[in-house]
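Encoded as C-alpha cells, the structure appears first; notes follow it.
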Amino acid sequence: MACKCKVLRSRLLRVTLVVLLVTFLPGLPPYPTFPFKSFSVTPSRDLEGVLAPNQLLNNAERWLENQLVAPETILVRGNTTYASVAGGKVLEITKNDQIRVVAKFGVECQGNYDERICGRPLGIAFDTQGNNLIVVEPYFGIYQVQIKTGEKKLLVSLDQVIEGGKVSRKPGIPNGLAVAKNGDLYWSDTSSDFRFEDTLQAMLLNPSGRLLHYSRASGKNKVLIDEVYGANGVTLSKDESFVLVAELGGQLIRRYYLKGPKLGTDDIFIDGLPGSIDNLVGDDTGLWAAVVIAADKSNPSLVAMLAPFPKVRKFFVRTLSIAELPFDFIYKQTGNALALRISNFIGNLGSVAPLFPKRGTVLRLDWNGNILAALHSDDGKTNLIAHAVQSGDYLLLGSPIYPSIRKVKLTEEVLKIVTPGAKLHTKITVDTKEKPKPAGHEEL
C-alpha cells in the first residue's frame, strides 16, 4: 500500500509540475492581444415565460440533405436562396432545388480539415448596388462577388492592420456582416489571435473581437467596439440608427448608435440569453437570433464558467496551442494531409460539437430588445443553429455542422407574433406532442 501511495504521489507531482510550467513559463504560445484577466458573463435567463421549452423546431425538414455541408449563412430573394457552405463555396439554390456555385475560394477541398487553404465563407449579404454579394471569408478577406459571373473584388485584406480600438491589429476571424443603404459595411472580427479553425482557443482567451465599419467611399475601416467576446452576427436597425453585434461568448447582443444623442456610443441591447448567439437577421419588425450553443442552468456554458479564472483558461489555451505546433510544422514542411487533419481537429469548435446540449433555439426579438418568441427543439436533430431566416411561413435554419438546411413551418400563432402589428407575448402555448415531418432583400 505504501508503495502504491508513493507512486501516486510521484505521478501527481509530475502532473502538477507540467501544469505549472505550461501555465507560468514565459514565452510559450499563444501571444494574445490582451493579457489574461478575470471577467464575468451574465448568467442565462431561466427557461420560463417567453423562453419556456417547446417543440416548435422538432421534426424539421432536411432540405438538400448531403448536397451541401454546414450552411453558415442563408439569404432569400424571391424564389432564390443563397448559402455560404463548407468547401469554400457560396451557392445559389433555385425554386426547383437546382444548385449553382456562385463563388469558390481557395483550392479544391480534400476534406473538412483543409479549410485554411480551401476556404470557409461565413457571412454573406446582398450589396446595395449591382447584382453583387458581399462575402466574408475568414481565411482570405472580405470580397464583393458578382452573382452572375463569380468575379471577385477584395475589399478588406487580412494583411491590413486596422488602426484604432484598444490595440491596432490585423483581422483574425472576420465573421458577420451587414450592408448599409449607402453601401458601407458593418462587420465583425470574432478574435484577433486565432484563425477560424481554432475558435475553441479564441473563446478561452480574453475578449479580442471587434465590431468594425468599412467605408466604401474611402476603403478604410474604423473600429466601433473593441474587446467583444466572440463578435459574430451583425445587423442594422430598419432606420439604421444603430447596428447590433452578437457576442458569442458573452451570450448577449451589443448595440452601437449611428444616429441621435447617443451617436458613437455603445451599450448592451440584451443579455443573459439562453446560449451563444451566432447570426442576426433583421427585418421591418424585428430580428431573428440563432443560438448555436444552448446554455441554461442544466447546461452551463463552459467559457462562461471559466471567464473568472484566467490561469485555468491560460493553461487550456497553451496546452492546445502547444499540441498543434508539431503538426503545423510537419504540414508546412511536408504538406502531409494527416498532420493537417490533426492540426485542424485540435481547437476546432466542431471537434467538441457532440458534447454540446441537444436543445436548439431561435429567438425572435423586437427592435427594443424584447424577446417576442423563443422557438426550441429537444430532439437533438435541430440544434447547433447558426442562422435563421424567414421565407414565407417557413423558417430556414443554417448550421456550422449539419449537411442540410433545416426547414420548419411556422405555426399560425408564431406567425402572428413575428408579423407586423403583433403585441408582445409573455409565453407561447403550443402542443408539445411531436407532429409529422412537414413536406417537402431587397432586389439589387
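The values are calculated or read from the model by the stated rules, or taken from the named source; none is laboratory data. Quick caveat, the model's predicted, so the values are computed rather than measured. Cβ placement follows ideal geometry from the backbone for every residue including glycine, while neighbour counts extend to all protein chains displayed. Please note that ligands, DNA and RNA were not included when accessible areas were found on the heavy atoms of the full protein model with its side chains. Shrake-Rupley method; radii C 1.70, N 1.55, O 1.52, S 1.80 Å.
Tabulated data for the structure shown
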read-out	value
Filter result for Leu365 (crowded, with 16+ Cβ neighbours inside 10 Å and among the hydrophobic types (A, V, I, L, M, F, W, C))	yes
Extreme residue, least open to solvent (accessible area, probe 1.4 Å), among residues of segment 62-80 that are under 15 Å from Phe126 (Cβ atoms) and out of contact with any Ser or Thr (no Cβ under 8 Å at 6 or more places or on another chain)	Arg77
Cross-chain or 6+ apart pairs with Cβ under 7 Å, segment 123-144 first and among the aliphatic types (A, V, I, L, M), then not in a strand (DSSP E or B)	Leu133/Asp127; Leu133/Ile147; Ile134/Asp127; Val135/Pro121; Val136/Pro121; Val136/Leu122; Val136/Gly123
Among the candidates Asp193, Asp114, Asp184, residue that is closer than 14 Å to Arg216 by Cα and either open to solvent by 20 Å² or more (accessible area, probe 1.4 Å) or over 19 Å from the mean Cα position of the chain (by Cα) (or both)	Asp184
Among (1) more than 17 Å from the chain's Cα centre (by Cα); (2) open to solvent by 10 Å² or more (accessible area, probe 1.4 Å); (3) small (Gly, Ala, Ser), the one test that Ser404 misses	(2)
Residues within segment 347-406 that are under 18 Å from Gly286 (Cα atoms) and of a type in the set (Val, Ile, Thr), tallied	4
For Gly27: the one exception among (1) buried (at least 18 other Cβ atoms within 10 Å of the Cβ); (2) at pLDDT below 95; (3) of a type in the set (Gly, Ala, Ser)	(1)
Inter-residue pairs, beta-carbon under 6 Å, first farther than 18 Å from Gly49 by Cβ and in segment 270-286, second among the basic types (Lys, Arg) and open to solvent by 30 Å² or more (accessible area, probe 1.4 Å), 6+ apart	Asp284/Lys238
Inter-residue pairs, beta-carbon under 7 Å, first under 17 Å from Leu410 (Cβ atoms) and acidic (Asp, Glu) and in segment 367-387, second outside any strand (DSSP E or B) and open to solvent by 40 Å² or more (accessible area, probe 1.4 Å), 6+ apart	none
Test: residue in segment 332-342 that is within 23 Å of the chain's Cα centre (by Cα), of a type in the set (Lys, Arg) and open to solvent by 40 Å² or more (accessible area, probe 1.4 Å)	yes
Any hit, segment 81-92, residues being more than 22 Å from the chain's Cα centre (by Cα) and open to solvent by 20 Å² or more (accessible area, probe 1.4 Å)	no
Only listed residue being under 18 Å from Tyr113 (Cα atoms), of a type in the set (Ser, Thr, Tyr) and modelled with pLDDT under 95, chosen from Ser343, Ser351, Ser399	Ser351
Listing of strands (runs of 3 or more DSSP E) fully contained in segment 7-86 that carry 2 or more residues being touching a Leu at 6+ places or on another chain (Cβ under 7 Å) and among the hydroxyl-bearing types (Ser, Thr, Tyr)	80-85
Where a residue in segment 306-324 is under 20 Å from Pro26 (Cβ atoms) and its partner, wherever it lies, is open to solvent by 30 Å² or more (accessible area, probe 1.4 Å) and part of a helix (DSSP H, G or I), with Cβ under 8 Å and at least six apart	Phe315/Val19; Leu320/Leu200
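This table checks each residue for (1) in a strand (DSSP E or B); (2) farther than 23 Å from Thr80 by Cβ; (3) modelled with pLDDT of 95 or more; (4) among the aliphatic types (A, V, I, L, M).
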{"residue": "Gln110", "(1), (2), (3), (4)": "no, yes, no, no"}
{"residue": "Ala125", "(1), (2), (3), (4)": "yes, no, yes, yes"}
{"residue": "Val135", "(1), (2), (3), (4)": "yes, no, yes, yes"}
{"residue": "Tyr139", "(1), (2), (3), (4)": "no, yes, yes, no"}
{"residue": "Leu154", "(1), (2), (3), (4)": "yes, yes, yes, yes"}
{"residue": "Gly165", "(1), (2), (3), (4)": "no, yes, yes, no"}
{"residue": "Pro171", "(1), (2), (3), (4)": "no, yes, yes, no"}
